[in-house]
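Before any comments, here is the structure.
Just so you know, all these numbers are worked out from the coordinates, no wet-lab data involved. Quick caveat, the model's predicted, so the values are computed rather than measured. For neighbour counting, all protein chains shown are included, and Cβ atoms are generated from backbone atoms with ideal geometry for every residue, glycine included.
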Amino acid sequence: MKNHYLDQRIRVKKPKLSDTEQKIANYLVHAEETLANKTLDELASEIGVSQSSVYQFVKRIGYNGFQEFKIDVARNSNYQPNFQPINPSTGDDNITSEDSSFDIAKKVLQSNLHSLSNSTHFITEELLDSVLALIYSAKTLHFFGQGGSTIVAFDSFHKFIRTKYRCNYIFDYHMQLSFVTKLTNEDCVFIFSHSGQTKESINLARQVKKTDAKMITLTGNGGSELTTLSDEAIIVVTEESRFRTEALSSRIGYLNVMDAIYTNVMHHNYDQNTDSLKRIRDNIGTTKVDPQNFML
């Protein structure tokens, strides 16, 4: 039986795992429920690798040692994704041609719920506090993405402009490159790239790195160069289906993560952010038709 908890945890690191580490990862993900009861020696022997390889692997995926790994696995032994898991033979989320339109709608909803619950699964309190600290130390927030990630970048800009911070969103890549030359230590940049392999996003991050600005990236690729260039990186893991790429499925996850960060920011310096929100609402209110003056 597949260990969904370990599968999601290990997937963040998979792009940069060695052949030996891949072997250990595959064994752990498909190991029996008794995994938490095995000794380091027993586990290494069953996998066919050295004890040090297993020990280094569990540290690679975020544990301080083998004992902590076993405790965490035992604690999450009953973890199951809250949606119909993707069928590995067809690559879809159990949707068939025999399903009614409403059945398909329900399965898509289940998949979206999974994306929502998964989106904060790998965000620790320490990571969240560190990301927020970078924001609090800035005066201007910038949101950049390429392709489908521009949607998340623009939505984030649309949210955060309600805060006390000045905010910036630029759609064109060349304009993004031009603008980052103006960045200072008062700026904090968000870069969104689910694949983590988009040349433009990586190059943009390299240029930001040359400045004094802080950089936060959101990606689905824990092995991307983006994570090494960033001051902080948030990994959003999603499943891919036949008609919905990871990038499409992940969008809900990214929006959820940014909602969580935005809400934290709004409650920090509450009075200033409330005043900013009120002024924006007052301005937008001038675009509304007064019901009392509306005549049929």
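Would you calculate the separation in nanometres between label points at R60 and N37, each defined as 7 Å from the Cα along the Cα-to-beta-carbon direction?
2.8
To the nearest 20 debye, what charge dipole does the stretch 178-243 have about its Cα centre, counting +1 at the Cβ of each Lys and Arg and -1 at the Cβ of each Asp and Glu?
That gives a dipole near 220 debye.
For each pair in K14/K214; K59/K214; K14/K210; K13/K199; K59/K209; K139/K159, compute the distance between the two Cα atoms and list the pairs where it is over 25 Å.
K14/K214; K59/K214; K14/K210; K59/K209
Run the numbers for R75 and K14: contour at 0.36 nm per residue of separation, minus the present Cα-Cα distance, in nm.
19.7 nm
Please report the projected area of the stretch 4-75's Cα convex hull averaged over all directions, in nm².
4.2
For L177, L6, what ranking results if the residue with the fewest other Cβ atoms within 10 Å of its Cβ goes first?
L177, L6
Work out how much length R279 to E125 would gain on full extension: take 0.36 nm times their residue separation and subtract the Cα-Cα distance, in nm to one decimal.
52.2 nm
What is the fewest-to-most order of L204, L116, L127 by other Cβ atoms lying within 10 Å of their Cβ?
Fewest-to-most ranking of L204, L116, L127: L127, L116, L204.
Counting other beta carbons within 10 Å of each residue's own, what order do D72, D129 fall into, fewest first?
Ranking D72, D129 by Cβ neighbours within 10 Å, fewest first, gives D129, D72.
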